[in-house]
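Taking it in order: structure first as structure tokens, then the write-up.
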Amino acid sequence: MDQHVSERSPMEYRSVLLEMRRDAPPGLNMLYLSGLAETLALIDRENAQEPGSHDLNVRAIARVLRAWGDFEGDTWAGGFVMELLDGRRVYVESYADGPDWGPDSCASVVAVPIGSTLPKLPRNHDSALYGWVEDLSELGDYLRRLR
């Protein structure tokens with residue numbers, strides 16, 4: 001995968017998120033949208049600090065296929081299956097250290113096996129508890145606005 005040092009500032013991710021929040025239709029669930037924005041900002045920030053720390057170029061994401069998120073907690077914990085522009089798929093998982101994504105927040109990026117729709121995860125993984133959600137058009141809209 002394409003290793004990447006971002007030219008974006010973390011504020012750009014949040015600016016697009018705030019713009020979408022302002023324009024959102026009533027009832028839009030911001031859980032996955034906020035989780036995606038903060039996760040991508042974290043990945044870019046960590047790649048800038050240590051190039052190649054995450055084998056993901058944020059600009060190479062074509063779309064988000066499905067996501068899971070802990071909708072019961074006070075902070076983000078969740079993951080996204082993404083299709084890249086070259087057709088490969090990756091699974092991105094992240095956990096926020098508090099509501100402001102503190103210093104112990106973390107993200108990981110792993111390849112989804114060819115021919116699989118989901119990543120290989122442990123049997124009792126949190127995604128089994130919260131379930132996967134598909135057709136989150138607002139995530140595609142976010143990626144388009146970010147470009």
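For the chain, the longest piece that avoids every one of the GluC sites (Glu not before Pro) found in DSSP loops with at most 10 other C-beta atoms within 10 Å covers 73-147. What percent of all Cα-Cα pairs in the range 65-147 falls in each 10 Å bin, counting up from 0? The distribution over the range 65-147 is 16, 46, 33, 4, given as percents. Dividing the summed helix terms, -39500 (n - 2.57) for each DSSP H run of n ≥ 4, by the number of residues in the chain produces a 222 nm estimate of -10000 deg cm²/dmol to the nearest 500. Seen from every direction in turn and averaged, the convex hull around the alpha carbons of the chain projects onto 8.6 nm². For the range 1-89, applying the loop criterion from DSSP together with a ceiling of 14 other beta carbons within 10 Å to the trypsin sites (Lys or Arg not before Pro) yields R88. Of the chymotrypsin sites (Phe, Trp or Tyr not before Pro) found in the range 56-111, the ones in coil according to DSSP and having at most 16 other Cβ atoms within 10 Å of their Cβ are F71.
With only Lys, Arg, Asp and Glu charged, each at its Cβ (+1 for the first two, -1 for the last two), find how big the charge dipole of the chain is about the Cα centre; round to the nearest 20 debye. List each step's numbers first, then the result.
Details: 15 positive and 24 negative charges, 98 e Å.
Roughly 480 debye, rounded to the nearest 20.
No lab work stands behind these numbers, since they all come straight from the coordinates. Just so we're clear, the structure is a prediction, and the values are computed from it rather than from any experiment. Ideal geometry is used to build each Cβ from the backbone, glycine not excepted, and the neighbour counts take in all protein chains shown.
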